[in-house]
Amino acid sequence: MKLRNAFFALSLLVILSVPLLSQDSGGEKLPYRWNELTAPDFVKAVELSDGICLLPAGIIEKHGPHLPLSTDMILSREIASRAAELEYAIVFPEFYFGQIYEAKHQPGTVAYSPELVWMMLEETCEEMSRNGIKKIIIVNGHGGNNNLFGYFCQAQLAKRKDYTVVFFQPNDRQLDAEVSKLRKTDYGGHADEEETSMVFATRPDLVHADRAASQSGRDQERLAIPFGYTGIWWYASYPNHYAGDGSDPNKAIGEMIFKSRSEQLAELIKFLKTDDSASNLQDTFYKQSGHPVETGQ
């Protein structure tokens, strides 16, 4: 009996350790990661996902003295993967082209030119569309990309596209209130208690919490410009490219954030599978923008 129970426990452990795959109409199991699909299975995946693909976006940059350079990619990939397990969608390989010029003074940072970043974004979307993907959801893990992706979405209206780009923006209001009850620090923003806890929840082997206090993550307050914005603001405040204190990560915080954001993303995927209003309105806009004097006033 003990041997049988041990075998059952081992079998259950193996089952639980295998990434969840989605089942197509033929009963086959399909991976959700683009690069893990065979060419014939990719065709099935496009159909099963209703032509929806997630683009996990991050950057290669310093994350304090204690987290890996790929932190943002790890987190965006985890959120996208968990969402795809809840509601099937194809997940593109991690996209590490973005805005990170404020960290060029730190070792390991990879900052491509603005022109290349834009081209990679645009051509990646074009290649997705060429392969049957008509709804692209950007899942961002890097704060420095927020303005870039917002503008990229707006720029889709400059020229006719046969696909729609959606920038996933989770609502963290309720989550923030719940997380604040568990937090031990009251400041942060980059490689802080929350972000460190998220990495700790999925890749604890990459977290060096004992090193977190070796550098300051406090705002240095070296610049104050009234009624103005300048690109050097982040460097002025956080020259160590570290905002917060990641000395004491809490797995519960990380899991709480992952659960909330992946569930919201899964809800967005499900919505886009059945709702074409954004795509239809985009097509109508393209037609009207070509003949503005004919648009009803």
Stokes-Einstein translational diffusion, the chain - Kirkwood Rh over all Cα pairs, 0.692 mPa s, 37 °C, in µm²/s: 155
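Give, as a single signed number, the net charge of other residues whose beta carbon lies under 15 Å from the beta carbon of residue 283, with Lys and Arg counted +1 and Asp and Glu -1. Present the calculation step by step, with values, prior to reporting the outcome.
Working: positive: 134, 135, 159, 160, 161, 287; negative: 162, 275, 276.
Residues near residue 283 contribute +3 overall.
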If contacts are Cα pairs under 8 angstrom and at least 6 residues apart, what is the relative contact order of the range 203-297 in percent? 25
Just the number, please: carbon plus sulfur as a percent of the accessible area of the range 97-156, 1.4 Å probe, no ligands or DNA/RNA counted. 55
So the label point goes 7 Å from the Cα of residue 251 along Cα→C-beta, right? Which residues of the range 195-228 then have their backbone N under 16 Å from it? 196-209
Over the chain, what is the mean sequence separation of C-alpha contacts under 8 Å (at least six apart), divided by residue count, expressed as relative contact order in percent? 20
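Over the chain, give the accessible area per residue in Å² for a 1.4 Å probe, as an integer. The partial results should precede the final answer.
On the way: 16340 Å² over 297 residues.
Per residue, the chain has 55 Å² of solvent-accessible surface.
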Nearest 5 percent is fine: what portion of the DSSP beta bridges confined to the chain is antiparallel? 20
Could you tell me the relative contact order of the range 67-179? Use alpha-carbon pairs under 8 Å, at least six residues apart, and round to a whole percent. 25
Within the range 164-205, which GluC sites (Glu not before Pro) sit in a loop by DSSP and count at most 11 neighbouring Cβ atoms inside 10 Å? none
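Using only C-alpha positions, report the orientation-averaged shadow area of the convex hull of the range 97-184, nm², one decimal.
Its average projected convex-hull area is 8.2 nm².
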Over 30 Å (Cα to Cα) among 44/259; 62/273; 29/134; 29/287; 104/259 -> 62/273; 29/287; 104/259
Residue 219 to residue 156: extension gain in nm, 0.36 nm per residue of separation minus the Cα-Cα distance? 19.0 nm
If we sort 162-173, 222-233, 50-61, 261-272 on the protection proxy, mean other Cβ atoms within 10 Å, highest first, what's the order? 50-61, 261-272, 162-173, 222-233
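Quick one: plug the Kirkwood hydrodynamic radius of the range 76-139 (C-alpha pairs) into Stokes-Einstein at 10 °C, 1.306 mPa s, and report D in µm²/s.
Numbers: Rh = 13.6 Å.
My calculation gives 117 µm²/s for D.
With a cap of 15 neighbouring Cβ atoms within 10 Å, and only residues DSSP puts in a loop, list the trypsin sites (Lys or Arg not before Pro) found in the range 58-126. Let's see the in-between values first.
On the way: sites: 62, 77, 82, 104; in loops: 62, 104.
Here the trypsin sites (Lys or Arg not before Pro) that fit, given the DSSP loop and packing criteria, are 104.
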Taking the Cα atoms of the range 194-297, what is the range of coordinates along each of the three principal axes, in descending order and whole Å? 64, 40, 18
For the chain, calculated [θ]222 nm from helices alone, where every DSSP H run of n ≥ 4 adds -39500 (n - 2.57): -14000 deg cm²/dmol
Does anything in the range 69-111 have its amide N under 13 Å from the 7 Å Cα→Cβ label point of residue 41, and if so which residues? 91
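The values are calculated or read from the model by the stated rules, or taken from the named source; none is laboratory data. In this text the structure is predicted, and so the values were computed from the model without any measurement. Please note: Cβ atoms are built from the backbone with ideal geometry, for glycine as well, and neighbour counts cover all protein chains shown. For the accessible areas, the whole protein counts, side chains as well, though only heavy atoms, and no ligand, DNA or RNA atoms are used. Shrake-Rupley method; radii C 1.70, N 1.55, O 1.52, S 1.80 Å.
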